[in-house]
Amino acid sequence: MDFGVVLQTNPPSARTVQLAQLAEAHGFSHVWTFDSHLLWQEPYVIHSAILNATKRVVVGPFVTNPATRDWTVTASVFATLNEMYGNRTICGIGRGDSAVRVTNGAPTTLRELRQAIHVIRELGNSRPVEHNGATLQFPWSRGSQLDVWVAAYGPLALKLTGEVGDGFILQLADVDIAAWMIRVVREAAERAGRDPDAIAFCVAAPMYIGDDIAHMREQCRWFGGMVGNHVADIVAKYGTGGGVPQALTDYIAGRTGYDYNSHGKSHNDHVDFVPDEIVDRFCVLGSADDHIAKLEQLRAIGVTQFAGYLQHDNKEETMRVYGERVIPALHDAITAKS
């Protein structure tokens, strides 16, 4: 299992770069950042600074979208960074959430997402692609390598992920829900004639090392609100009796609205509808042993990367304990079983 951190690009940007350096020092393989250019600083500029300040970590957005950024420009960013820093980028992409909703926009269609994935991946891998009636290729790009991982929740989005994604991003760490979604993606891949074992499965959730469960819950309750936005869209489309686990839909019954100005913030003041049970199920909280136990469960159902959100007040200590105890424990367990 690989490990990543998910950072917000809040000023000062040097702080984001510093956290990325710490993540690399503690053994994390990936550094991801939010991509909402109005709510936070421009991520791709900071990605360049992170890559320049590190030697090994792979860097990418968590996640970008096809609506607010031209697909060819997005691909050009990755191909350029790969030329500069040696194929250390990755593209996480979804239909669009905070980046589009703060402008009163809407997520793209799955058809548009599928097309965007194809264009970005082909150009990002130094290959030609047909787009808008033209054959496009970066004449300056040689040997660029780019995987595109798809963030999804609903049945049709999961199907698309299995059909075209290099990886699947699931933003919650509930073991039962993750197992269901991974199974849907794998089945879609098999039906499309793809090898499901070639797909990366990334679970992302707040990770907090500590012993005060009440405090940890309050620091991470925002995550249930963020996930609730996606779940609300799914319920609106499929209802509560469709092909979506009931555990994923029940908790949004008390949801009355969402202010994107507090998106992804530990002091989010309108997520009281998120019960403690959901915080515990969706996040990874507690001692190092608690984290190891839950991550072992996730690894057993096919998760290949855990990406921990660090939007709380214990960033450095959480990364330190991961580097000293959690990551080695998971690696040792894998080695022992191989």
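At a glance:
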{"quantity": "Count of residues meeting criterion [touching a helix residue (DSSP H, G or I) at 6+ places or on another chain (Cβ under 6 Å), part of a loop (DSSP other than H, G, I, E, B) and not aliphatic (A, V, I, L, M)] in region 66-87", "calculated": "2"}
{"quantity": "Of residues in region 173-188 being open to solvent by 10 Å² or more (accessible area, probe 1.4 Å), among the charged types (D, E, K, R) and touching a residue at least 60 places away in the same chain (Cβ under 8 Å), the one nearest to R121 (Cα to Cα)", "calculated": "R186"}
{"quantity": "Output for region 283-318, where each listed residue is over 20 Å from R217 (Cα atoms), small (G, A, S) and in a helix (DSSP H, G or I)", "calculated": "A300"}
{"quantity": "Top-ranked residue in region 34-55 [being charged (D, E, K, R) and closer than 21 Å to A67 by Cβ; ranked as surrounded by the most Cβ atoms within 10 Å (Cβ to Cβ)]", "calculated": "D35"}
{"quantity": "Test: A67 is of a type in the set (G, A, S), closer than 26 Å to A134 by Cβ, crowded, with 22+ Cβ neighbours inside 10 Å and touching a Gly at 6+ places or on another chain (Cβ under 7 Å)", "calculated": "no"}
{"quantity": "Near pairs, Cβ below 6 angstrom, 6+ apart or cross-chain, from region 3-18 (among the aliphatic types (A, V, I, L, M) and at pLDDT 95 or above) to any residue that is open to solvent by 20 Å² or more (accessible area, probe 1.4 Å) and not in a loop (DSSP other than H, G, I, E, B)", "calculated": "V17/A49; V17/A53"}
{"quantity": "Only listed residue being of a type outside the set (S, T, Y) and touching a residue at least 60 places away in the same chain (Cβ under 8 Å), chosen from L136, L170, L158", "calculated": "L136"}
{"quantity": "Of residues in region 278-288 being open to solvent by 40 Å² or more (accessible area, probe 1.4 Å) and under 22 Å from the mean Cα position of the chain (by Cα), the one farthest from K315 (Cα to Cα)", "calculated": "R281"}
{"quantity": "Region 30-57, residues that are touching a residue at least 40 places away in the same chain (Cβ under 8 Å) and either assigned to a strand (DSSP E or B) or touching a Gly at 6+ places or on another chain (Cβ under 7 Å) (or both)", "calculated": "H30, W32, F34"}
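The values are calculated or read from the model by the stated rules, or taken from the named source; none is laboratory data. These figures come from a predicted structure and were not determined experimentally. Methodologically, a virtual Cβ is constructed for each residue, glycine included, from the backbone with ideal geometry; neighbour enumeration extends over all protein chains shown. The accessibility values were calculated without ligands, DNA or RNA, using every heavy atom of the protein model including side chains. Shrake-Rupley method; radii C 1.70, N 1.55, O 1.52, S 1.80 Å.
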